[in-house]
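Everything below concerns the one structure shown next.
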Amino acid sequence: MTTTPTGPPGQPPLTRWGHTWRVLVAAVAGVVSLLVVFAEMPDPDALSDRLSLLLVVDVFVLGPLSLGLLLLHRRLPMTVALVTNALGAVSGVAGPAGLVTLVSVATRRRWREIVPVALVSVSAGMVFEYVYPSRDPLEWWLLLPLLCVLVGGLVAWGLYLGTRRELVESWRLRAEAADREQAVAAERAREAERARIAREMHDVLAHRLSLVSMHAGVLAFRADLEPGEVRSEARVIAEASRQALDELRGVLGVLRDSDAGRPPQPTVADLADLVDQARTAGPVDLETRLDGEPPAPLGRHVYRVVQEGLTNARKHAPGAAVTVRVTGRPGDDLEVEVRNGASIVVAVGAGAPGGSGLGLVGLAERASLAGGRMESGRTADGGWSLRVLLPWPATEDHD
């Protein structure tokens, strides 16, 4: 499907069909106009040689020429509009084509273009009435206002179409800009979440590596250790190294800034306090079935997931009952599910909190970096379910 170049912004490109139907409408209207003119002549059977020749030229030359020029009205709007409207002075077929180009020029909303074309169109109508006389000719002082009303109505229609096209184009540009801004905001949220995870794990990771370094130094410089003491030191090094690698896996490749003086990070043990705080906004039920104590980094992930789920429930379903379920065991997935029912509180005006959707983006990134996955969506009862699966590595004691 082909298009033609456009002029000012807001002028949509015309397809091949767009050109075709305009030409067909102008051609049909031109033929009808010519038939009406022929029927209104005083004595069609006794046409003068001049009128007969003019009709032949109209049908076989001027009419096809005006319809052909109509295909170029987007590329040469002023030229085509002036020529077709001028041809309408002596051509019944060219008249409708000229009116089509008049509307097209009006859509551009440039008065320095509209006024000349409108004047030519009115003048052509006045001349046409005398070139093709009718049985009951109108006086010029009646014909002129009628032509002005007709041309004015077509100009107004063109101005409306141009304004509407510009409005639609502005909506399209705004939608594209909003999509770009949303993509940038989502990327920033991912980067911020990675940096936050790195800050949370910084102190613990440094502690594990310091333990490895200290106990490795003991083995390197103490030659008087008993075999049992050597095995004990080796177990400490192995356990600290494993834990450090598990924590490092979640932040590998993440750029972070140092963050000193921050408070202790929450774990699974702090979920009860978090749920108690959330109960001030509505009923919350906490169900915890864990076979052992999850590692500190995993516990922080669980805490953040529950925290974000409760926050979303308060924002989007105020007053609804919320169920928090945390289950898992070492060597398997640790599952965190936050489910809420439909809202029972009607938010009015500015009291209804909004959301950008970036919280779920951050949770998905957190789950991905921890080696897990996130699932979320609407439930059958109109509520919402957030489910995150995080790997819980098997400990040496558990094995």
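Just so it is clear, none of the values below were taken in a lab; they were calculated from the coordinates. None of the values given here were measured: they were computed from a predicted structure. As a convention, Cβ positions derive from the backbone with ideal geometry for all residues, glycine included, and neighbour counts pool all protein chains shown.
Check Val284: other-chain or 5+ apart residues with amide H under 5 Å from its amide H, H built from backbone geometry?
So Val284 has HN proximity to Val322.
For Arg110, what residues show an amide H to amide H distance below 5 Å, using hydrogens built from the backbone and excluding near sequence neighbours?
It is none; the list stays empty.
Assuming a ≥ b ≥ c are the square roots of the Cα gyration tensor eigenvalues, decide whether the range 268-392 counts as rounded (a/c under 1.5), prolate (otherwise, with a/b larger than b/c) or oblate. Spell out each step's value before the answer.
On the way: a/c = 2.06, a/b = 1.65, b/c = 1.25.
Prolate.
Using 0.36 nm times the number of residues separating Arg180 and Ser213, minus their current alpha carbon distance, what extension gain do you get? Please report the intermediate quantities before stating the final value.
On the way: separation 33, 0.36 × 33 = 11.88 nm, distance 4.75 nm.
Full extension from Arg180 to Ser213 adds 7.1 nm.
Separation between the Ser368 and Asp285 pseudo-spin-labels, each 7 Å from Cα along Cα→Cβ, expressed in nm?
3.4 nm
Just rank Phe60, Phe38, fewest to most, by other beta-carbon atoms within 10 angstrom. Intermediate values should be presented prior to the final figure.
On the way: Phe60 11, Phe38 14.
If I rank by nearby Cβ atoms, fewest first, I get Phe60, Phe38.
Would you mind getting me the FRET efficiency between Asp276 and Trp171? Use the beta-carbon distance for r and R0 = 45 Å, nearest 0.05.
Values: r = 47 Å, r/R0 = 1.05.
Approximately 0.45, to the nearest 0.05.
Would you tally the net charge around Glu335, using a Cβ to Cβ cut-off of less than 13 Å, leaving Glu335 out, and scoring K and R as +1, D and E as -1?
0
Would you order Trp384, Trp141, Trp171 from fewest to most other beta-carbon atoms within 10 Å of each residue's own beta-carbon?
Numbers: Trp384 21, Trp141 7, Trp171 10.
So the ranking, lowest neighbour count to highest, is Trp141, Trp171, Trp384.
If I model a spin label as a point 7 Å beyond the Cα along the Cα-Cβ vector, how far apart are those points for Val56 and Arg164 in nm?
4.4 nm
Need the full-extension length gain, Val36 to Arg75, defined as separation in residues times 0.36 nm minus the C-alpha distance. One decimal, nm. Write out the running numbers ahead of the final one.
Working: separation 39, 0.36 × 39 = 14.04 nm, distance 3.21 nm.
Taking Val36 through Arg75 to full extension adds about 10.8 nm, to one decimal.
Compute the signed sum of charges (Lys and Arg +1, Asp and Glu -1) over the other residues within less than 12 Å, Cβ to Cβ, of Arg108.
Working: positive: Arg74, Arg109, Arg110, Arg112, Arg165; negative: Glu113, Glu166.
Net of charged neighbours comes to +3.
Amide H neighbours of Gly383 under 5 Å, counting only residues 5+ apart in sequence or on other chains, H built in-plane at 1.01 Å?
Close amide H contacts, sequence-distant or interchain: Ala342.
Excluding Glu233 itself, what net charge comes from residues whose Cβ is under 14 Å from its Cβ, given Lys and Arg +1 and Asp and Glu -1? It would help to have the intermediate numbers written out before the result.
Working: positive: Arg222, Arg231, Arg235; negative: Asp224, Glu226, Glu229, Glu239.
Once positives and negatives cancel, what remains is -1.
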